Amino acid sequence: MSTVPFVTCDLLDDNPEKDLQVVIPSMDGKFFQSYGARKTFEGQVVTVKCFEDNSRVKELLATDGTDKVLVVDGGASMRCALIGDMIAESAVKNNWNGVVIYGCVRDVDALATLDLGVHALAAIPQKSNRKGIGEVGTTLYFGGVTIQSGDFIYADNNGIVISKEKLV
C-alpha cells in the first residue's frame, strides 16, 4: 500500500521539465468522481479495455496489485458498472492502490469504506455482463491523454496525472 503523500497540483508545479499528462476533467460532459475511501492514490498502471463486461477487471484485481493502479477504459458506458463492492474488496485484499474507470461503479456506500482509490465517471446499480471479453495491456485513449501499462498515475481530488516515470 502506498503511503507517500502528494498533491497533483504540486507534482505538476515541481516537474515542469517532464512530459506529464493531465486527464481533462470533462470530455463530452463526463467528469471523474472519487468513490473510494482513499482519496489520494498512485502507482504503476495496468491497463484494460472492456465495454460493459468486467471479466478482465475482476480477474486482474484478484492478482497481486502491490504499488499498482488498474486503469479501465469502459468506453464511458453509462449502462452498467464495471466494479462493485465484491471486486473492490478483492482489490484491497490483493494490495491494489486504486482503480480509475472510464465508466461506472456501483455499491458506492461500500466503496466509500474500502481502503482503495476509486475514480469513475458515475454510479449505476446495474451490474455488467461477464462474457470474458476485454483487452489487457493495451494502450488507452480517453480524457485527452494516452495511457499505457507501465506508466505511473497520480490521482487526488484535484485530478489525475500520468507520467512515464515515477515521481514520488
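The values are calculated or read from the model by the stated rules, or taken from the named source; none is laboratory data. Quantities reported herein were computed from a predicted structural model and do not represent experimental measurements. Just the protein is used for accessible areas: all its heavy atoms, side chains included, with ligands, DNA and RNA removed. Shrake-Rupley method; radii C 1.70, N 1.55, O 1.52, S 1.80 Å.
Based on the reciprocal of the average 1/r between different C-alpha atoms, the Kirkwood radius for the range 1-99 equals 14.9 Å. The share of accessible area on the chain that comes from carbon and sulfur is 50 percent, using a 1.4 angstrom probe. Rounded to the nearest 500, what is the chain's calculated 222 nm mean residue ellipticity when only DSSP H runs of at least 4 contribute -39500 (n - 2.57) each, over all residues? One gets -4000 deg cm²/dmol as the mean residue ellipticity at 222 nm. Output the relative contact order of the chain, whole-number percent, from Cα pairs under 8 angstrom with separation of 6+ residues. With pairs under 8 Å counted, the relative contact order is 33 percent. The Cα trace of the chain gives Rg and Dmax of 14.3, 44 Å, the first to one decimal, the second as a whole number. Sorted from longest to shortest, the spans of the Cα atoms of the range 67-136 along the three principal axes equal 27, 26, 19 Å. Centroid-to-centroid, using Cα positions, the range 42-78 and the range 91-106 are 7 Å apart. Averaged per residue, the chain has 47 square angstrom of accessible surface, using a 1.4 angstrom probe with ligands and nucleic acids left out.
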